[in-house]
Structure formats: C-alpha cells, structure tokens
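Notes follow the structure.
The values are calculated or read from the model by the stated rules, or taken from the named source; none is laboratory data. On a predicted model such as this, the values are computed, not experimentally measured, just so you know. Heads up, the Cβs are rebuilt from the backbone with ideal geometry, glycines too, and the neighbour counts pull from every protein chain shown. With ligands, DNA and RNA removed, areas are computed over all heavy atoms of the protein, side chains included. Shrake-Rupley method; radii C 1.70, N 1.55, O 1.52, S 1.80 Å.
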Amino acid sequence: MIKTLHNDQSIMQQAIKQAKKTMNEDLGGPFGAAIIDADGTILSVSSNSVLGDHDPTAHAEVNAIRMAGQKKNSHDLSGCVLYTTAYPCPMCLGAIIWANIKTLVYGCRPEDADAIGFRDDFIYSFIEKGRSDHSVLSIKEKHRDECLKLFEEYQSKNKTLY
C-alpha cells in the first residue's frame with residue numbers, strides 16, 4: 001500500500017460520493033463509510049447495499065469493515081478510524097467495537113435518520129428497555145447445556161479469542 005495522507009473532509013467526501021452512487025442506483029440508502037489505517041491510508045470505501053444484495057446486514061460500516069479486514073488480512077482493525085455518513089445503527093456499532101476500531105467520525109445524527117424514516121432509534125430503544133418487548137422480538141434461552149459443550153471444546157483447544 002502506498003501511504004497517502006487524507007484529511008477528515010476528503011475521507012468523508014469519498015464516503016458521501018460512494019453512498020450517493022449506490023443510493024441513486026437503488027442499491028441502498030444514503031449511507032457511506034470509509035476506513036483509514038493509523039498511517040492515514042484508506043483501506044476501504046463502501047456504502048449501504050441492503051437493497052441490491054438483499055441482505056439486511058449490508059450496511060455501509062459492515063461492508064467497509066469487511067473490505068478493510070480483507071485488505072489487512074485480519075479481523076483486528078486496531079488503530080483504524082471509521083468515517084460514516086450517519087451515526088451507526090446498533091448492529092454497526094457492535095461490528096465497529098468487535099473490529100477494535102476505537103475512533104469513529106460520523107456525519108448525520110440518529111434523529112436525522114429517524115426524521116426520514118430509518119428505524120435505528122427503534123432498535124436502540126428495544127435494547128435500552130431490557131429487550132423485553134415481545135412484539136419486537138421474542139427471545140428464549142434453550143439447550144444451554146448442549147451449547148456449553150461446544151464452548152468448552154473451543155476453550156479446551158486453546159482457540160483464538162476475538
């Protein structure tokens with residue numbers, strides 16, 4: 001990779017440009033993301049492709065994380081910064097944390113997404129209220145003993161924790 005220094009605005013502009021492209025192709029919403037490494041090199045620029053991929057997890061941030069992980073050949077994106085056109089939904093926020101990204105730069109606020117009809121706040125509310133609204137999702141714990149055996153086997157083999 002060639003080291004290239006970018007400023008916040010130029011990185012966000014690339015995310016916006018990619019989001020606009022796929023949004024106008026009806027592949028996804030107005031969401032774009034870019035990831036840079038600690039040296040300022042852009043690892044990925046992606047956008048939301050939920051509609052085109054028929055995949056509810058194909059959010060801009062998740063797509064960018066997948067691309068950056070492939071480029072780095074690692075699931076660990078420590079030292080990277082993620083830029084996104086909107087505050088991440090709960091799924092994306094979780095993915096960002098799992099990727100060990102410690103710095104997030106976003107454009108639009110959650111209320112901006114809510115104002116045009118996106119459901120991010122609805123999911124945050126479900127989580128904050130203890131995940132107990134069964135009209136949203138019924139959560140049941142079953143077969144724990146059987147599943148614990150799988151966890152114990154993983155641990156006994158000293159497999160990688162992430």
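Here are some notes:
- Residue among ASP37, ASP55 that is of a type in the set (D, E, K, R), under 18 Å from the mean Cα position of the chain (by Cα) and under 18 Å from ILE101 (Cα atoms): ASP37
- Residue that is touching a Leu at 6+ places or on another chain (Cβ under 9 Å) and farther than 17 Å from ALA95 by Cβ, where the choices are LEU43, LEU51, LEU77: LEU51
- Sole exception among (1) modelled with pLDDT of 95 or more; (2) open to solvent by less than 40 Å² (accessible area, probe 1.4 Å); (3) in contact with a helix residue (DSSP H, G or I) (Cβ under 6 Å, 6 or more places away or on another chain) for TYR87, by number: (2)
- Residue in the stretch 59-71 that is in contact with a Leu (Cβ under 6 Å, 6 or more places away or on another chain) and part of a helix (DSSP H, G or I) present: yes
- Restricting the stretch 8-33 to residues that are among the polar types (S, T, N, Q) and buried (at least 21 other Cβ atoms within 10 Å of the Cβ) leaves a set whose member that is farthest from THR85 (Cα to Cα) is THR22.
- Of the residues VAL62, VAL81, the single one that is crowded, with 18+ Cβ neighbours inside 10 Å, within 30 Å of SER138 (Cα to Cα) and either modelled with pLDDT under 95 or under 13 Å from the mean Cα position of the chain (by Cα) (or both) is VAL62.
- Of the residues examined, GLU111 is not one that is at negative phi, in a loop (DSSP other than H, G, I, E, B) and either touching a residue at least 60 places away in the same chain (Cβ under 8 Å) or acidic (Asp, Glu) (or both).
- Some residue of the stretch 117-134 being in contact (Cβ under 8 Å) with a residue 40 or more places away in the chain and more than 12 Å from the chain's Cα centre (by Cα): yes
- Residues that are on the phi > 0 side of the Ramachandran plot and free of Cβ contacts under 8 Å to residues at least 24 places away in the same chain within the stretch 80-108 are absent altogether.
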